[in-house]
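Asker: Structure provided below as structure tokens; questions to follow.
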Amino acid sequence: MKFILYLFCLLGALSTFAQNDNTPNHQHEVVLGGGLHSRGYMFGGTYSHFYQPKRAFLGQAQFAYIKHPKERVMDNDNNISISNSGQSRYTFGKQNSLYSLRLGAGQRFFLSPRSRKQNLALAWSYTAGLNLGLLKPYYLDLIYRTSNDGVIIRSETYSEDNRYKFLDPLDINGASSSSMGWDELQGRTGLYLQGSLYFDFGPSDQIAKAIEIGLSADYFFQEMPIMLEQPDERLFVNIFIHFYLGKRW
């Protein structure tokens, strides 16, 4: 009788060991990466805390560039070689570039428990949080013609004084250096929301590898002046694909 009791205890211990051995023992994950949006791009990272076999709490930070849907890149046809930046292409009618700093939290729900036997785990996620929109003035190299048939190139942002030059392709020599304007940022607060499918490759590996595909919405409490001849918008919706690499412990 004692032998049978010992046997059951041994089988139970082996079963527990096998179950524990089959379940990833890490509870934390940090990934960094970037990706493409239908209106720009993103760099950022996510912290995950696995508090249940099929659930994780998420903390997220992202820095994104958001394009206006009506942006149109043009070539300089003025045949003027003088330029402050060496760039001949520019976005016609653009007043500001929009960047977004997102800080949020959310959850990830795995469609099946994560296992050491899996090569791929599929989950869906949502995140939401605060959004700081950063408006960076857009500089153009404008052409000023002198009385002796010479030209002067000046890097300028849009103003009422240069409106006609800023919107006349014959007076534009191209975009100024992209480094200009970072000391003139204007902040606009808002919110953001993201929903996605998350493809986790090797969910039990210490090295985290994932692809995320989804939809994001950035909403700002004030209208964002990006294009001069287009209505200012508050809501920007994007389809995105992100690639991540990180570590679990």
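The values are calculated or read from the model by the stated rules, or taken from the named source; none is laboratory data. Note that this is a predicted model, so its numbers are computed, not measured. In this analysis, Cβ positions are derived from the backbone assuming ideal geometry, glycine residues included, and neighbour counts consider all displayed protein chains.
Asker: Return the pairs, sorted by first residue and then second, in which the second residue is among the basic types (Lys, Arg) and crowded, with 16+ Cβ neighbours inside 10 Å, the first residue lies in region 106-135 and is farther than 30 Å from PRO225 by Cα, the beta carbons are less than 7 Å apart, and the residues are 6+ apart or on different chains.
Answerer: Sorted first by the residue in region 106-135, then by its partner, the pairs are ALA121/ARG114; ALA123/ARG108; SER125/ARG108.
Rundown of residues vs (1) within 20 Å of LYS136 (Cβ to Cβ); (2) touching a Ser or Thr at 6+ places or on another chain (Cβ under 7 Å), yes/no style:
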site: ILE152; (1), (2): no, yes
site: ASP183; (1), (2): yes, no
site: ARG188; (1), (2): yes, no
site: ASP205; (1), (2): no, no
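Asker: Restrict the check to region 129-146 and report whether at least one residue is within 22 Å of MET42 (Cβ to Cβ), aromatic (Phe, Trp, Tyr) and in a strand (DSSP E or B).
Answerer: The answer is no; no qualifying residue exists.
Asker: State whether one or more residues within region 157-176 are part of a strand (DSSP E or B) and surrounded by fewer than 17 Cβ atoms within 10 Å (Cβ to Cβ).
Answerer: no
Asker: Report yes if GLN206 is touching a strand residue (DSSP E or B) at 6+ places or on another chain (Cβ under 7 Å), modelled with pLDDT under 95 and among the polar types (S, T, N, Q), otherwise no.
Answerer: yes
Asker: Within region 177-192, which residues are in contact with a strand residue (DSSP E or B) (Cβ under 7 Å, 6 or more places away or on another chain), surrounded by fewer than 17 Cβ atoms within 10 Å (Cβ to Cβ) and not hydroxyl-bearing (Ser, Thr, Tyr)?
Answerer: Within region 177-192, TRP182, GLU184, LEU185, GLN186, GLY187, LEU191 qualify.
Asker: To continue, here is another question. So which of GLY40, GLY34, GLY104, GLY44 is in contact with a Leu (Cβ under 8 Å, 6 or more places away or on another chain), at pLDDT 95 or above and closer than 30 Å to LEU140 by Cα?
Answerer: GLY44
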